[in-house]
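Beneath this line is the structure, given in structure tokens, with notes to follow.
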Amino acid sequence: MREQFRRGKIRYILFILLDLACLIASNFFAAWVYEKFNHRAIDPSGYMPVVIYMIVIDVFVSIALNTLKAVLKRRKRVEFVQSIKHVAASFGILALVLFSTKQGAEFSRIMVYTVYGAYFILLVAAHLICRAVARARILRKEETPAVLLVTTDGYVHDGLDVVKQAGMDVQGVYVTDKSNEYTVDNIPIIVDRKDAVAFLAWEDISRVYICGPDGIDVPETLLRESKNMRIPVFRAPIRTSPDIEIVGIRTALSKEDQKSGLSFFESEHDIPIQIRCFYTIFESEQDKQRGFHAHKHSWHFMFCPYGSIDVIVDTGKERKTISLSKPSEGIILSPHVWREMVWKKEGSVLCVAASDHYDYDKLNSDYNEYLQYLRIRDWSATIESAEVLGGIIA
């Protein structure tokens, strides 16, 4: 419920007030029916406490059972089921309250049945009408579709560029591999899948775009709820970088000796990643071996400003050795690439720029577990595409 209220805010409160209006209207209808067929007026002093009970219980059920989940986007069948759950829970709690107090003996059970029968009909009708009005309002807006972009942290800027170039209005970005929320170009970054589902339900989102590496871990919950809300999911085309890429570093040599000089690179300019961590490994003896791990989410740019280091890289399908011995040359490793480093010269220095903050839990440090992780990831992606996303992604 917290995510629903956080993303819905005013709309969520308005729906609670709408439900209460339907409940009060049902009470007026039940009172009219009661007086018409019994030919006597209802005592307001005995009736008002029960109405107050109904209102309090209705709000409690809405919050506790989260019966307003995705109300703006859910299907008619889901609306029917949720309304039954809401009315049945409210009726059951009221019955317990009434028959444990003196009002139970004084209040007509026929009145209660009539109130909640009319309430169910009004509730379903009111929600359907509100959804129809919301859809009509969206259609009257500009033709630019509002989208939720789903991507990884390393692809946020690339994904925004692709979706914006396609003429989409990005309302929010769901990042699958981060734990802290922030904003990019005044667009909210969402990191919790429940929050992302609530965002779909309460914002005027008409499409979901997935941008990122082939193995991007999109939660099945988000995909399933998108399907339930009839929101199409697209895998947007994006520039795909190789798993291993050798890149040049801008270098200016001294005019005097042509040996000393300056090498530099800029984040998201010379290298296509946003740097959040930088570290060096130094004072290692010759033939020293390090590494023996792969990162699950983080991109890495590695270079050797002094000495010579061999980097053995393995993608699970290909294994090769790349020698780093020039301050003007480095390599970019995408997530899931296994790396081993061998110091070919004592005192060599290895510098590493990473796209994510350091977190040992995000490492695969056992090669057999690493290969198993790749198999599971590839298999899960195949099953997901065939069963969960079938017919949705264009």
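Just so it is clear, none of the values below were taken in a lab; they were calculated from the coordinates. Keep in mind that this is a model prediction, so the values were computed, not measured. Don't worry about glycine lacking a Cβ; one is built from the backbone with ideal geometry, like all the others, and counts go over all protein chains shown.
With a Förster radius of 51 Å applied to the beta-carbon distance between ALA41 and HIS357, the computed FRET efficiency rounds to 0.15.
The slack between ASP310 and LYS288, meaning 0.36 nm per residue of separation minus the straight C-alpha distance, is 6.9 nm.
Counting only Cβ charges, +1 for Lys and Arg and -1 for Asp and Glu, the dipole size of the chain around its Cα centre is about 1980 debye. Spacing of the modelled spin labels on GLN274 and ASP366, each 7 Å from Cα toward Cβ, amounts to 3.4 nm.
Rounded to the nearest 20 debye, the dipole magnitude of the stretch 172-271 is 340 debye, with +1 charges on Lys and Arg beta carbons, -1 on Asp and Glu beta carbons, and the Cα centre as origin. Of the residues PHE80, GLY330, LEU262, the one whose Cα sits farthest toward the positive end of the charge dipole of the chain, with +1 on the Cβ of Lys and Arg and -1 on the Cβ of Asp and Glu, is PHE80.
With 18 Å as the cut-off, how large is the P(r) tail for the stretch 2-140, expressed as percent of Cα-Cα pairs? Spell out each step's value before the answer.
Values: 5414 of 9591 pairs.
Here the tail beyond 18 Å accounts for 56 percent of pairs.
In the stretch 336-354, which residues have a backbone nitrogen under 16 Å from the label point lying 7 Å from ASP257's Cα in the Cα-to-Cβ direction? Counting backbone N atoms under 16 Å from the label point, the list is empty. Two numbers describe the Cα atoms of the stretch 244-378: Rg and Dmax, which are 15.4, 56 Å. Spatially, the stretch 316-346 and the stretch 108-125 are offset by 71 Å when compared through their Cα centroids.
Using only side-chain charges placed at the Cβ, +1 for Lys and Arg and -1 for Asp and Glu, the dipole size of the stretch 244-378 relative to its Cα centre rounds to 200 debye. Ordered by the number of other Cβ atoms lying within 10 Å of each residue's own Cβ, fewest first, HIS269, HIS336 fall into the sequence HIS269, HIS336. Label point of LEU96 set 7 angstrom out along Cα-Cβ; within the stretch 46-77, amide nitrogens under 19 Å from it belong to 50-67. Along its three principal directions, the equivalent ellipsoid of the stretch 10-87 from the Cα gyration tensor extends over semi-axes of 28, 14, 10 Å, largest first.
Membrane-span-like helices in the chain (whole DSSP H runs, Cα extent of at least 20 Å along the helix axis, mean Kyte-Doolittle hydropathy of at least 0.0): 10-38, 44-64, 76-98, 109-140. In the frame of its principal axes, the chain has Cα extents of 110, 45, 39 Å, reported largest first. The amide H of CYS277, built 1.01 Å from its N in the peptide plane, has ALA354, ASP356 as neighbours under 5 Å, considering only residues 5 or more places off or on other chains. Of all lysines in the structure, those lying under 24 Å Cα to Cα from LYS69, and not within fewer than 8 positions of it along the same chain, are LYS9, LYS85, LYS194, LYS227. Beta-bridge orientation, the chain: approximately 75 percent antiparallel, per DSSP, counting only bridges with both partners inside.
Sorting GLU225, GLU220 by the number of Cβ atoms found within 10 Å of their own Cβ, with the fewest placed first, yields GLU220, GLU225. Just checking the listed ones, LYS255, LYS326, LYS85: in the Gaussian network model of the chain with Cα springs under 10 Å, the one fluctuating most is LYS255. Arranged from fewest to most other beta-carbon atoms within 10 Å of their beta carbon, SER334, SER260, SER325 become SER260, SER325, SER334. Each listed q (0.18, 0.21, 0.24 Å⁻¹) maps to a log10 I(q)/I(0) for the stretch 146-240, found by the Debye formula over equal Cα scatterers with no solvent: -0.71, -1.01, -1.39. Between the stretch 157-213 and the stretch 264-305, the alpha-carbon centres lie 28 Å apart.
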